[in-house]
Structures are given as C-alpha cells and as structure tokens.
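Single-structure report; data block below.
The values are calculated or read from the model by the stated rules, or taken from the named source; none is laboratory data. Given the structure is predicted, the values throughout are model-derived calculations rather than measurements. Backbone-built Cβ (ideal geometry, glycine too); neighbour counts: all protein chains shown.
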Amino acid sequence: MPKFIEVGLLEDIPQLGSRVIETDQGRIAIFRTSDDEVFALADACPHKGGPLSQGIVHGKRVTCPMHNWVFELQSGEAVAPDEACAARYPVQLESGKIYLSLEK
Amino acid sequence: MREKLVLVGNGMAGMRTIEELLEIAPDQYDITVFGAEPYGNYNRILLSPVLAGEKTINDIMLNDEQWYKEKNITLHKGRWITEIDRKNKIVKTADGLEAAYDRLLLGTGSNPFIIPVPGSDLTGVISFRDIADVDAMLDASTSKKHAVVIGGGLLGLEAANGLKLQGMSVTVVHITKTLMERQLDKTAGKMLQQSLEARGLHFLMAHETEAIIGEDRVKAVRFKNGLEIAADLVVMAVGIRPNIDLAKSAGIYCERGVVVNDTMQTYDPSIYAVGECVQHRGQAYGLVAPLFEQAKVCANHLAKYGIARYEGSVTSTKLKVTGIDLFSAGDFLGDDDCEEIILQDPASGVYKKLVLKNNKIKGAVMYGDTIDGAWYFQLLRDGTDVSDFRQSLMYGKSHLGDSGHGGQDAAAAMSDDMEVCGCNGVCKGDIVKAISSKGLFTLDDVRSHTKASNSCGSCTGLVEQILASTLGGDYSAATKAKPVCKCTDHSHEEVRQVIRENKLITIPSVFQFMEWRNKDGCHVCRPAVNYYLLSSWPAECTDDYQSRFINERVHANIQKDGTYSVVPRMWGGITNPTELRAIADVAEKFSVPTVKVTGGQRIDLLGVKKEDLPAMWKDLNAAGMVSGHAYGKSLRTVKTCVGKEHCRFGTQFSISMGAHLEKMTWGSWMPHKFKMAVSGCPRNCAEATIKDFGIVAVESGWELHVGGNGGVKVRATDLLCKVKTDEEVEEYCYAFIQLYREQAHYLERTAPWIERVGLSYVTKTIVDDEQQRKALAQRFLESQTYVQNDPWRERASEGVHEHEFKPLAVIAG
Ligand code: SRM
Ligand SMILES: Cc1cc2nc3c(=O)[nH]c(=O)nc-3n(C[C@H](O)[C@H](O)[C@H](O)COP(=O)(O)OP(=O)(O)OC[C@H]3O[C@@H](n4cnc5c(N)ncnc54)[C@H](O)[C@@H]3O)c2cc1C
Ligand code: SF4
Ligand code: FES
C-alpha cells in the first residue's frame, strides 16, 4: 500500500482548477473536475516542461498552457495524435480531505 | 444491447459517415459494413495518380482490414447486398448472408454510364471507377498499343493522361468542341487542350461514337461521320448515374438518385443515404467535398444529436494532371446581368476569369495560375461583397495589404526540405508524408498531426495548398460557418445570438441551451463563450476565471520557464522619476533577472516567480501604477509620438490625446488584443497606420485609421474618416471599439474582421450613421464602468484569488 499524506481540502481548489503541492520530487499539480473528482500529475508537461497546473481543465482533461497539448488526468496520457505521458500520482478524497501519495 | 447499424457500400461517403460517427458516439452502435469490392476502404480519387504511376494501391488505402477489427466493425468485403427487407429490417446478400438493422445507411455510389452503341460489351471496353478498372488498364498498357478514351471530362482526361504515361498512344474523343465544357469556358478549354497535345495526346473534338468494332475483343471505334480508328482498349468516361437499383427494388422513393431530406434521411425513417447515390434538393453530387459535408450531417443524426442540417453545396473542380493547374467553380459563363473580369497572358500560359453579379463572385475559371482559387471560392460561397477591393481582386489575396511574406506561397514550387511553418519548424516534406501515410483530409487533421499552422496561422494558406496538391481534389474546403470548436456544430455568430436573445449569463447555461457535446467544453470554446457573455452582459455576468487562459487568470504573461512577466501601464508612453524609481526598486527587491523596454513604449520586468506577483504589484500600485494588460485580449498600449507638445512639425497634441484615450479605454475585454497609436503629424512616428485604431494628426484635425496589424501578416490601416475635434476622435474611437467588441469572433483581430465584414460596413455604421455611432460609444462607456478596477490591486490588496499564488501544501522529506 502506498503511503498517503493529507495535503488539503477539496474546497481549497476551485472547480475546473488546480493547485500545486511542492515536494522534494518537484511540483505536483492536483486537479479538481466539475464533478469534484481529484487527480494528480507531475507539474511538468512531457513536451517542454510547461506547468500543467496553470492549464484549463475540462472534463477529465487538462490543456497545457504552453502549446495546448491535452492530457488525460486519469492516465497522464496525451490525447492523440500527440504522444507523451505525464507522471501520475495516486490521490484519494475522503470526506472533503485530499490525500496524496508520492509513489508514482 | 446496442442498436445495430448496417452500411451498404464500403466507399468514401459511407465510411466517412462511420468515422464521423465514431468520433462523436463511439459506443452507440454495433456496426456492420457490406462492400462489393474486395478491399477495405480506399481513396477513389487517387486512382488517377495510381494509373499515372505516381502512387501505388497501398498508398491510397484509407482504412485497412485491421482498422475495422480495431474498431469492432464487422466487414463483409466482396459481398453484394441484393435485397432490403424493410418490414423485418434485414439486408441480404446474393449468397444468402443476412444482417438485421435498426438503422440502415446506403452509400452505394454511382455506376459509370456506358453508351449503348453496338460493341460496347466487347472485351477491352472498360470504365474508370474502381481498382479493378485501373488493374485492367495497367494490364492492357503492357501489351497493347492504342487506347481510345471516350469523354473529354475530368475522368476521361485523367485516364488519358495516365495511359499516355504508361506508354500507350491515346486518342480522346469528345462530343462537343470544348474539353470539360461543364467546368471550363472556351478559352480555358482550348489552353488545356493545347497543353495536353503538347504532352502527346490526340483529340477528336465534336465526334460522336457510332459503334465499337471487334469480334470478342475491341479492334476499332467508328464515328457517325464515318471515320474509323484503331483501338486495343476503349475507356468510357462519359458520366455517372447514381446507383439506386437496390433502394428502388426495396420501394424507397427515388428519382434520379435516392431522395433524402436535409438530415440525409430517405422516405423510410430508419434508412439514411449519403454520397453519389443521393439526390438532395434536386441535386446529385460527384465530388467528395459535398459528400463529406453530407457525412458529417448524417453522423450527427445517427448519433441522435439531431441538430445538423445539410443545405447543399457549391463545388469547385481541379484537374489532377501533374503540371497542369486548372480551377473552376460556380457559374463561370454568367448571363446578361453579370460582368466579367479577365486576365489573359498567353505567353506565360495564364488565364483567369471571374464572373461577378452585383459585386459578388458567381464563378471563376483559372488556368495556369490557380493559387487564389481557394480564396475566390471562399468569397463565392460566403457571398462576400467585393466592391471594397474590386480593383485588386484579380491580382489575388496577396495584394490585399499583405506584405509580410514576400510572395512565398507557391506550394508546388517548394522543395520537401523547405520550412512551411516557422513557429513549429515543420517542412513541406513532413506535411506531405503525414497526409499520405495517415490519410489526412482536412486542415484540422494536418494541424493536429504535424502542428503546422497550429500556432500563428500565417502559413495556413500554404498548408491548404499542400493539402490540395497532395490529395488532388478540393477536400479541405471549409464549410461555410465554422463551428466554434469540436464540442459543437454551432458557429460563433449562433452562440452570440443565442446569448443575446435568451439573456444567458453563464457558461453552463449556454452549453446546455446549445446542446454542447461535453459538459465542460474545452480550452477553445470556454474562453470564447466567457468573452461573449462578458461583452453581451457586462452588468449581469460574472467573469469565469477558470475559463480564462492562464495569463488573463493571473494578470501576467507566463514565460517559457513557468515564471511571469510584469508590465505596468505607462499612459501614452509617458513616465516619470517616481515611477522609474519604483520599477527599479521592485526589480532589485524581487531579483528580477531582466528589465526590458517593450515594443509598446513601456517597461517589462521578466522572470518573476508567481508567488512574488502580488507583493510586487502592491509596490507598483503604491507608486500609482496599474496593470498594463500586456497579457490580455484587451486594450494593450496607446503609442504616441512627441507631437505638438515638443516637435517642430507637430500639428496636434498627440501625447495628451494618447494618454487620455488609454485612460478611457484600459481594462476593456476584447475579442483579441487591441492596440492604438497617435501621431502628431503625417510623418507618423508612432506607426499609427499599423494599429487596430490609429490616429494621425493633420493641420485641420485628425485622421482616423482602422484595421492595421503589424504582426504575423502586416496590414496597413484603412482610412475611416477625418474629424475636426478631440471630442469626435473619442466618440469614433469608442464606437469602433464597441462595434468590434460586439461583432468580431473571439480571437479575430480587427484586420481579419474588417476584411470579413468589409470597410464599407464599418463606415456605414460608424461614419454615416450618427445615431448608431453615439449608441455604440455609449454602450462602450457603460461597459467600462464595470471593468476599470486594477486587477493587480484586487489581488495585491483586496484578497482576490489568493489561492492562485500559493501552493496548496509543501511536503518536505
Ligand atoms: C513584450 C513584447 C515584446 C518586447 O519585448 O517588446 C511582446 C511579447 C509577446 N508578444 Fe507581441 N510583444 C510586444 C509587442 C508586439 C508588437 C509591437 C507593438 O505592439 O507595437 C507586435 C506587432 C504589432 C501588432 O500586434 O499588430 C506584436 C505582435 C504579436 C503577435 C502577433 C499578433 C498578430 O495579430 O499577428 C503575437 C501572437 C498573438 O497575439 O497571438 C504576440 C504575442 C506575444 C506574446 C504575448 C506571446 C505569448 O503569448 O506568450 C509575448 C509575450 C512574451 C513574454 O514572455 O512576456 N505579439 N507584439 C511587446 C509588448 C508590448 C507591450 O508593451 O505590451
Ligand atoms: C478516377 C476517379 C477520380 C476522381 N477524382 C476526384 C477528384 O479529384 N475530386 C473529387 O472530389 N472527386 C473525385 N472523384 C469522385 C469521388 O471519388 C466520388 O465522388 C466518391 O468516391 C463517391 O463516394 P461514394 O461513397 O458515394 O461512392 P463510392 O466511393 O463509389 O462507394 C460506393 C461503394 O459501394 C459499393 N456498392 C454499391 N452497391 C453495393 C451493394 N448493393 N452492396 C455492396 N456494396 C455496394 C461499391 O462497390 C463501392 O465500393 C473521382 C472518382 C474517380 C473514379
Ligand atoms: S516576444 Fe513576440 S516575436 Fe519575440 S519570440 Fe515571443 S512571440 Fe515571438
Ligand atoms: S510544454 Fe506543454 S504543450 Fe508544450
């Protein structure tokens, strides 16, 4: 079982928005969808390192602010025809609290 | 259980419909496809280059059998459907196979017309329709000598050219005096004939075939005037007839084709039809561009969205004979009420003719130089009034104020390693390869696969040309009203109209009302809709920050390394020691790595950490400075020159005019960025004539210029009018901004907007109509009352969006 750490409340992240967690592995972006699901990806786009946390969230996807590649929040995969994968982190949501694991 | 969809006819229109359907509703149906030909789905258009030896059969496959497997589509290739049992909803093949359907799609294409003369059933008499025909021709060319092609239309000429290249001696027989008379006028037809003759083809014009002669194999062709010529191979290419046999035998209402309504539905509501077999509003089509439009509409209804309508198409034609450039569209002969503009230069082999009626293009024929074909076709379909640029119309699009790209736009002349897209470093060869190997058809496809034309867009025309020349036909032709994005079929205009008429003030209500495909939309439509809401209902609507691009969300420009830049306003380019000192202080305090003077007469602090932004803004606010909106689709800068304040030539006070206009207009959101400049005399040191709104002072007052752009595609302004007083300058300026705010598409700058709606429209609304002008100016000032709060102050001192600038948590160790 990966170890989960409490990082904040669901309400701290706007719907269709994202916040950043600073870790010694680098920044991790936590996303909140319009259905209040949460996902976590490394905050560095596999294309040229753009901060995914600054992108526009839509459905279960985020668009990188740098060159508009679109990524699936669930898998980290770029939406075709682009090919790339952003590192994913396990997250859990329990009674409004967000828990993150640093084991990719 | 999923519903069953059966497609009869594994051709271009039917399969395109299936592909469109899979895009929008991948899981709705169990799909079964019957095709008489023993292959997957291929690109019929490219049979001509295959015959000419420029491509192979493998090159032209669109979907191989593996693709059908991956998509879980059952493919029955090499099987004819001979019966539709409509009562029990079952189709049957000749050899007894059956398949049940809930919805049936007919895409049976058409049959080549064979002239019923004696001998037309001899071996060696073939048509030009499918792979089997091409194989037969290639086979004949290895052992036989004389080919006769009956029919001097598009197909006949492509066949003739191919057979000639395969080494046969070829005679084309045509019933009238002009080749391709349905697409070309006499002059262009003659020029075409001459250049084909120069390649060694023979022509028998105005000859009618009487009989084909031979025992079992063709030996000769005889004409009504008694002439007889030797032939080992006869290709009949005199026309096609919609293939309606199957539909007719099932009692589905047919005339010349299977009759469908605007949703592509036949008289039997569970049966749809697309492609060449169809008759829509009395019209049958034989080119793929309209068939693809039908496919899109049909898919929309099969997916049960039920919102798209097919309203018919205007088509254009290109001949796919390498080295011959020919384009034709619309009514190129015209009638007594039409005017013609003709440009003819026999020495360089160029002929262009435009047919105009009431200053709108009705038809075009071009030979030798077809670069502007797509542009004329667009003007034709949009019904654009061309009076504003009629004099330069003939010289093409590049003469319309575009001087940015030095005429580098002849796609055919480019070598494979020449760069097409400077933003993404994409060469011509990359694009050609992606088009052929991935089977791309549209500009959007090319954009997403290669990234060419995906950024600044200045190479779009070039990419479209490469697409056209690689594919042959005129595929990429954009449909008339472009949808906002892939989430909807609605256009920008429709969205705006719905927002206004129904007083919608939130994004979800728009998406719901207009049946968006995704509940959250995407990064393309959300910012656009957010803008339309804000500009329509400035008092009622709340800005949705999650729908704004990052720069506008945090009021700074994101940099390539994820830091930000900060550009404070300097009204009209004027600053003072206090401001400069404050800038120097924050630069030191926050260790700003770069301080730069911008091209917009102010200072940029580059490389600021996101967390530092609010504190830095607070210091700048304290010295009286506010956001410069260097990041926004909004008013950017108002450049000025020193003017009458200091200059020996100055005729009016340009600095104070510029500073005042900037104070009045800052903060307003626009469809795209908006720049202004004020020059103190016609020497124009503020470069006002490449701005969205440019003001040039003259002795008697001010000249007002609009629609300039100094960016990707340079466009000098058009002169709107001259005015006398400062008050008039203001009123015209606000009215122009408001007209642009209310009418342009999101991300359309004033230059392309004016080219779309025409300068005369803007003049009519703003200069000629005082009441409208005043009303527009009034609406602008009203909407300004809601936005002139410095967004930096709100974030630095009023606690707005604190979450943007702080991490949610810091995890150490
Ligand atoms: C800072 C500045 C360059 C400089 O160092 O001087 C600049 C920087 C950028 N320009 Fe610019 N432009 C700057 C003056 C200009 C000018 C000159 C002018 O305004 O007189 C032009 C040509 C004039 C015009 O717009 O007609 C200009 C034409 C563009 C264009 C092309 C626009 C077009 O319609 O073709 C873009 C791309 C876009 O907007 O889509 C662009 C986009 C950009 C962006 C915002 C690119 C981006 O999206 O990140 C750059 C931000 C860089 C950054 O990291 O901060 N910039 N840009 C200038 C800021 C002026 C200011 O004070 O606000
Ligand atoms: C040589 C050539 C060059 C062309 N060049 C151009 C060009 O440059 N630009 C352009 O726009 N267009 C061009 N066209 C026209 C274009 O190819 C057609 O308009 C297009 O292919 C029509 O699509 P469709 O799906 O209606 O018919 P098709 O593509 O013909 O598909 C119909 C399919 O249905 C099958 N079928 C019919 N009846 C049955 C049945 N009862 N059971 C099972 N299967 C059945 C047929 O065998 C066929 O495979 C060209 C055509 C040819 C032949
Ligand atoms: S500042 Fe402007 S011209 Fe310079 S690289 Fe950026 S977008 Fe291009
Ligand atoms: S860095 Fe993300 S798309 Fe380029």
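A compact table of results
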item	result
Flag if A:Gly17 is on the phi > 0 side of the Ramachandran plot and away from ligand 1 (no atom under 16 Å from the Cβ)	no
Residue that is out of contact with any helix residue (DSSP H, G or I) (no Cβ under 9 Å at 6 or more places or on another chain), farther than 22 Å from B:Leu471 by Cα and part of a helix (DSSP H, G or I), where the choices are B:Lys4, B:Lys92, B:Lys69, B:Lys87	B:Lys69
Residue under evaluation A:Pro2, criteria (1) within 25 Å of B:Glu611 (Cα to Cα); (2) assigned to a loop (DSSP other than H, G, I, E, B); (3) more than 11 Å from chain B (Cβ to nearest Cβ), criterion not met	(1)
Any chance B:Val592 is among the β-branched types (Val, Ile, Thr) and away from ligand 1 (no atom under 16 Å from the Cβ)	no
Residue ID - surrounded by the fewest Cβ atoms within 10 Å (Cβ to Cβ), chosen from residues in segment B:542-597 that are polar (S, T, N, Q) and within 22 Å of B:Glu794 (Cβ to Cβ)	B:Thr542
Test for B:Tyr732: is it part of a helix (DSSP H, G or I) and either surrounded by fewer than 18 Cβ atoms within 10 Å (Cβ to Cβ) or at pLDDT 95 or above (or both)	yes
Residues that are in contact with a helix residue (DSSP H, G or I) (Cβ under 8 Å, 6 or more places away or on another chain), polar (S, T, N, Q) and assigned to a strand (DSSP E or B), drawn from segment B:7-47	B:Asn41
Any hit, segment A:48-68, residues being more than 8 Å from chain B (Cβ to nearest Cβ), crowded, with 21+ Cβ neighbours inside 10 Å, modelled with pLDDT under 95 and not in a strand (DSSP E or B)	no
Selected residue [touching a residue at least 12 places away in the same chain (Cβ under 8 Å), away from ligand 2 (no atom under 16 Å from the Cβ), of a type in the set (Ser, Thr, Tyr) and more than 14 Å from chain A (Cβ to nearest Cβ)] from B:Ser668, B:Ser591	B:Ser668
Any hit, segment B:716-726, residues being touching a residue at least 60 places away in the same chain (Cβ under 8 Å) and more than 14 Å from every other protein chain (Cβ to nearest Cβ)	yes
Pick from segment B:553-589, criterion touching a Ser or Thr at 6+ places or on another chain (Cβ under 8 Å) and in a helix (DSSP H, G or I), ranking: nearest to ligand 4 (Cβ to nearest atom)	B:Gly573
Within segment B:724-759, tally of residues that are in contact with a helix residue (DSSP H, G or I) (Cβ under 6 Å, 6 or more places away or on another chain) and more than 15 Å from B:Lys691 (Cβ to Cβ)	11
Sole residue being without any contact (Cβ under 8 Å) to a residue 24 or more places away in the chain, more than 10 Å from chain A (Cβ to nearest Cβ) and not hydroxyl-bearing (Ser, Thr, Tyr), chosen from B:Glu552, B:Glu501	B:Glu501
Residue match in segment B:131-139 (condition: under 21 Å from B:Ile57 (Cα atoms), out of contact with any helix residue (DSSP H, G or I) (no Cβ under 8 Å at 6 or more places or on another chain) and more than 15 Å from ligand 2 (Cβ to nearest atom))	yes
Test set (1) within 10 Å of ligand 2 (Cβ to nearest atom); (2) more than 29 Å from the chain's Cα centre (by Cα); (3) crowded, with 20+ Cβ neighbours inside 10 Å; (4) of a type in the set (A, V, I, L, M) - B:Val50 fails condition number	(2)
Residue check, B:Thr317 within 15 Å of ligand 2 (Cβ to nearest atom) and either crowded, with 18+ Cβ neighbours inside 10 Å or closer than 21 Å to B:Val278 by Cβ (or both)	yes
Wholly enclosed helices (runs of 4 or more DSSP H) of segment B:142-259 bearing at least 2 residues under 35 Å from the mean Cα position of the chain (by Cα) and closer than 17 Å to B:Phe113 by Cβ	B:154-165
Test: B:Val712 is at pLDDT 95 or above, farther than 19 Å from B:Thr765 by Cα, β-branched (Val, Ile, Thr) and not in a helix (DSSP H, G or I)	no
Test: residue in segment B:343-361 that is buried (at least 18 other Cβ atoms within 10 Å of the Cβ) and under 20 Å from the mean Cα position of the chain (by Cα)	yes
Meets criteria (among the acidic types (Asp, Glu) and touching a Lys or Arg at 6+ places or on another chain (Cβ under 8 Å)) for B:Asp520	yes
Complete set of residues in segment B:255-265 that are without any contact (Cβ under 8 Å) to a residue 40 or more places away in the chain and either surrounded by fewer than 22 Cβ atoms within 10 Å (Cβ to Cβ) or outside the structural domain of B:Gln279 (by TED's automatic domain parsing) (or both)	B:Glu255, B:Arg256, B:Val259, B:Asn261, B:Gln265
Condition check for B:Lys663: under 40 Å from the mean Cα position of the chain (by Cα), away from ligand 1 (no atom under 11 Å from the Cβ), assigned by TED's automatic domain parsing to the domain that holds B:Leu781 and in a helix (DSSP H, G or I)	yes
Unmet criterion (only one of (1) surrounded by fewer than 17 Cβ atoms within 10 Å (Cβ to Cβ); (2) in contact (Cβ under 8 Å) with a residue 40 or more places away in the chain) for B:Asn621	(1)
Total residues in segment B:70-123, condition closer than 18 Å to B:Ile271 by Cα and of a type in the set (D, E, K, R)	9
From the options B:Leu613, B:Leu605, B:Leu533, residue that is free of Cβ contacts under 8 Å to residues at least 60 places away in the same chain, within 15 Å of ligand 1 (Cβ to nearest atom) and either within 14 Å of chain A (Cβ to nearest Cβ) or buried (at least 19 other Cβ atoms within 10 Å of the Cβ) (or both)	B:Leu605
Some residue of segment B:340-348 being hydroxyl-bearing (Ser, Thr, Tyr), in a strand (DSSP E or B) and not assigned by TED's automatic domain parsing to the domain that holds B:Gly9	no
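One line per residue, one yes/no per condition, for (1) within 16 Å of ligand 1 (Cβ to nearest atom); (2) of a type in the set (Asp, Glu); (3) part of a helix (DSSP H, G or I):
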| position | (1), (2), (3) |
| --- | --- |
| B:Ala686 | yes, no, no |
| B:Trp702 | no, no, no |
| B:Cys721 | no, no, no |
| B:Glu728 | no, yes, yes |
| B:Glu742 | no, yes, yes |
| B:Pro752 | yes, no, yes |
